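**Q** Sharing a structure, written as structure tokens. Questions coming.
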Amino acid sequence: MLALQGDVREHVAALSSLGVAARTVRRETELASVVGLVLPGGESTTIVRLARTFGLLEPLRARIADGLPVLGTCAGMILLADRVLDGAPGQETLGGLDVTVRRNAFGRQVDSFEEDVDVTGLDAPVHAVFIRAPWVESTGPGVEVLATVTTGPAAGRIVMVRQGPLMATSFHPEVGGGSGIHRMFVDLVAQQTQS
Ligand SMILES: NC(=O)CC[C@H](N)C(=O)O
């Protein structure tokens, strides 16, 4: 669990409900020992700035490039994206996920909303909470779309993707979304660790 800024506690609670004792990562030595990493929602520019201050920016990029399973939610999705539209001037990411995301994409009118979304691979819909969320504007060839918005002005927009060991949601599964998304990620980590 990257614990520089954002809703770390909610993710730790969601993982703990699945019997997974998540460890927090703030230092390079802590990063070195994890087998999977969650990038929380929060403020993407702040998280990148703190990652640089803590000497974690390049080590994070290196572990992602090396195949570390990562779940990025909201700001965490922005951090995983290779390309950002409407970002802060010169906004950097960790990258790894071959997508273009649009930051704060849902606009002022509906900047926060909730919707039940169907997720490929889950039996029940996920109650998805969007808070000044990004959406995925476009995806590269290796990226699988796992969920889209179905109603309202943003219908059809991509809000969950996966590319190999990298998974990202626009919404906050750690806030009232049950444990389905975390379960998917824990399974992904287990798969990748075995292979
Ligand atoms: N809830 C969130 O994580 C919002 C993300 C935030 N708008 C950002 O750009 O980082």
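**Q** Which order do the peptides 159-169, 28-38 take when ranked by the mean count of other beta-carbon atoms within 10 Å per residue, highest first?
**A** Listed from highest to lowest mean packing, they are 159-169, 28-38.
**Q** Ranking S138, S44, S112 by Cβ neighbours within 10 Å, fewest first, what do you get?
**A** S112, S138, S44
**Q** How high is the relative contact order of the chain? Use alpha-carbon pairs under 8 Å, at least six apart in sequence, and give a whole percent. Please list the in-between numbers first.
**A** Values: 416 pairs, mean separation 38.1, N = 195.
Reported as a whole number, the value is 20 percent.
**Q** I've got another one for you. Given the peptides 63-73, 182-192, arrange them by the average over their residues of other C-beta atoms within 10 Å, most packed first.
**A** Per-residue Cβ counts within 10 Å, averaged per peptide and sorted highest first, yield 63-73, 182-192.
**Q** With a Cα-only, solvent-free Debye model of region 127-195, what are the log10 I(q)/I(0) values at q = 0.15, 0.22, 0.24, 0.29 Å⁻¹?
**A** Listed by q, the Debye log ratios stand at -0.52, -1.02, -1.15, -1.36.
**Q** Here is a follow-up. Starting with the fewest neighbours, write out T120, T150, T93 ranked by other beta-carbon atoms found within 10 Å of each beta-carbon.
**A** T120, T150, T93
Since every read-out is calculated from the coordinates, none of them should be taken as a lab result. Being a predicted model, the structure only gives us computed values, none of them experimental. As a convention, Cβ positions derive from the backbone with ideal geometry for all residues, glycine included, and neighbour counts pool all protein chains shown.
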